[in-house]
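Single-structure report; data block below.
The values are calculated or read from the model by the stated rules, or taken from the named source; none is laboratory data. All values reported here derive from a predicted model rather than from experimental measurement. In this analysis, Cβ positions are derived from the backbone assuming ideal geometry, glycine residues included, and neighbour counts consider all displayed protein chains.
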Amino acid sequence: MTNYFNHLGGGTLCPGCAGTRPMVYALTVNAQKVLRLLQGYDYNAVSRLKIDDELSRELDLCMNGYLKHLLEKNIKSAAWLDTLRDQRMTLKQ
Ligand SMILES: [Zn+2]
């Protein structure tokens, strides 16, 4: 069974869920194994793995996209909090 990855969906998706979402891409079983180890902070196990160029590219694409998604969300949240703070300051005056 091929699973999929989707930043907006929060990570790995089964084929059933992947079919209903945009911007989804297939994830190899090996990539899923590495991501699972990283998720569990098992860096020793990850360092023992033999990661070839193809798997490296896949993980790079996956993690870069996910981090970018998370950072943009955080930046938007920070901007929203600034807006809220500014409004409260205006109301107090
Ligand atoms: Zn599902």
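Considering each residue of the stretch 3-15 in turn, at least one proves to be in contact with a Cys (Cβ under 7 Å, 6 or more places away or on another chain), among the aromatic types (Phe, Trp, Tyr) and either modelled with pLDDT of 90 or more or more than 16 Å from the ligand (Cβ to nearest atom) (or both).
Total residues in the stretch 20-31 satisfying the condition of being touching a Phe, Trp or Tyr at 6+ places or on another chain (Cβ under 9 Å), within 14 Å of the ligand (Cβ to nearest atom) and either assigned to a helix (DSSP H, G or I) or not aliphatic (A, V, I, L, M) (or both): the figure is 1.
If we scan the stretch 32-41, do we find a residue that is surrounded by 11 or more Cβ atoms within 10 Å (Cβ to Cβ), within 16 Å of the ligand (Cβ to nearest atom) and at positive phi? Checking the stretch 32-41: not a single residue is surrounded by 11 or more Cβ atoms within 10 Å (Cβ to Cβ), within 16 Å of the ligand (Cβ to nearest atom) and at positive phi.
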